[in-house]
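Undergrad: Once you've had a glance at the structure underneath, I'll fire off some questions.
The values are calculated or read from the model by the stated rules, or taken from the named source; none is laboratory data. Note that the coordinates shown come from a computational prediction; the quantities given were computed from them, not determined experimentally. Every residue, glycine among them, receives a Cβ derived from its backbone with ideal geometry; neighbour counts consider all protein chains shown. The protein model used for the area step is the full one, side chains on, heavy atoms only, and it has no ligands, DNA or RNA in it. Shrake-Rupley method; radii C 1.70, N 1.55, O 1.52, S 1.80 Å.
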Amino acid sequence: MVTGLARNGAIEDACKYFDQMPAKDIAAYNAMVTAYAGNGFIIDAVELFNVMPDRNMVTWNVIIDGYVKEGLHGEAFRHFAHMLRLSVRPNSTTFATILASFEAVIEITQVHSLIILLGFDPYTLTSNALITAYSRSGDIGSAQLTFGRLVAKDVVSWTAMISAYAIHGCVANALTVFANMIRSGAIPDRITFLGVLWACSHSGLVEKGQRVFNSMTQGYHLEPANEHYACLVDLLARAGFVREAKRVLRRIPPDQCDAPILAALLRVNYVEGHSEETVKLVGQKLIELEPDVCGGYVQLANLNASQGKWPEVAEVRKKMRGRNVKKLAGYSEIVVQKTKHIFYSGDRRHPQAKEIYAMLDQELLPSMKDINASG
């Protein structure tokens, strides 16, 4: 009853049933902790976790996963470390969960070492999590090595590697992995096709992208989501195939037009040279759907700027400031002696910025120019 009520969001009723239990075993506690954590009540979940007379692997996994989902990665790792100190042996689910909270390569490699030490290296679930984690951290080489060592690849494994290559601009590799996946007999799902379409979209492979989309709908009988339509429309619009892009857009009911579709529609209108009023309406609708996300504002501002409409650009930026919406700056990060150093575009706030830029100007840039000249 507790589990069923929690799955339907009736937390108060679930709590009443839990309180009325004459004798609570570990399964009952786990059900209630899961109910709290699964519905975002992480504080209540932790309070109950702390007073539990006994815990098992399910308990630890639930509380770590709850912290990860709430974005409290430090607390997730603290509980993971505490579990290890208590000599509680993690399982594949534990590793997959904690890896989702890491962004720095050094953290991922440390957990990877523990995975190998405890004998979980060949397990598909942990390897899939490692591929995704390494890709997210920018270490595509380690993601590739992990994928290559994996014997039992499932659809998640193939999809994770395809998406990793696509995100890092390795389009040919992404398409090769997809072809190998099909040859292996594995059946791609919607997420797999989204990764392949994304790769095609950002490399201008129009015919390939159309074949992939048709394969998804006709060969595998998968109903496209709006993200798939948006990728296809974006691919066609970027290549100047406006008529084909509009034909795809007409297949989507107006009431189902979400942010990705509107962003694609905005690009089509821009490429086609639609009226200022049409572009403005689409841009405003996109902002209405995602008022706290910078994407719609940036796209509308860029389109206006490309046409020299600077008052309109200023208006969009004013609206962003009024709603406290900020464009995320590009950045890179490295870890030196367990300390993370983050460098934003054009940022000189790092304590060693003077030395870094001196080395860049005096050594690295001349070397790069020499390589360019000789190449």
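Undergrad: Where does the range 67-149 land on Rg(C-alpha)/(2.2 N^0.38 Å)?
TA: Numbers: Rg = 12.0 Å, N = 83, 2.2 N^0.38 = 11.8 Å.
Dividing the Cα radius of gyration by 2.2 N^0.38 Å gives 1.02.
Undergrad: Could you give the nm distance between label points at HIS221 and ARG349, where each point is 7 Å from its Cα heading toward the beta carbon?
TA: 5.6
Undergrad: On a 28 Å Cα-Cα criterion, which of the cross-link pairs LYS153/LYS208; LYS69/LYS153; LYS69/LYS208; LYS246/LYS309; LYS246/LYS319 come out too long?
TA: On the way: LYS153/LYS208 25 Å; LYS69/LYS153 26 Å; LYS69/LYS208 36 Å; LYS246/LYS309 25 Å; LYS246/LYS319 30 Å.
Violating the 28 Å Cα-Cα cut-off are LYS69/LYS208; LYS246/LYS319.
Undergrad: I would also like to ask the following. At a probe radius of 1.4 Å, what is the per-residue accessible area of TRP310, in Å² to the nearest 10?
TA: Using a 1.4 Å probe on the heavy atoms, I get roughly 150 Å².
Undergrad: Estimate the FRET efficiency between HIS73 and SER367 by the formula 1/(1 + (r/R0)^6), using the beta-carbon distance for r and 51 Å for R0, to the nearest 0.05.
TA: Values: r = 38 Å, r/R0 = 0.74.
Using R0 = 51 Å, I get an efficiency of 0.85.
Undergrad: So, one more: Within the range 53-83, list the residues whose amide N lies under 19 Å from a label point set 7 Å along Cα→Cβ of LYS24.
TA: 53-64, 66
Undergrad: Another question, if that's okay. Just to make sure I understand: if all protein chains stay in place, what is the order of LEU117, LEU365 by accessible area at 1.4 Å, largest first?
TA: LEU117, LEU365
Undergrad: Let me make sure I get this right: for the range 1-69, a, b and c are the square roots of the gyration tensor eigenvalues over alpha carbons, sorted descending. Under 1.5 in a/c it's rounded, otherwise prolate if a/b > b/c, else oblate. Which is it?
TA: Taking the square roots of the gyration eigenvalues as a ≥ b ≥ c, the range 1-69 is oblate.
Undergrad: Starting from the Kirkwood radius over alpha-carbon pairs of the range 97-198, derive D by Stokes-Einstein at 20 °C in a medium of 1.002 mPa s and give it in µm² s⁻¹.
TA: It comes out at roughly 158 µm²/s.
Undergrad: Considering just Cα atoms, how many Å³ per residue does the convex hull of the range 10-137 enclose?
TA: Residue-normalised Cα hull volume stands at 106 Å³.
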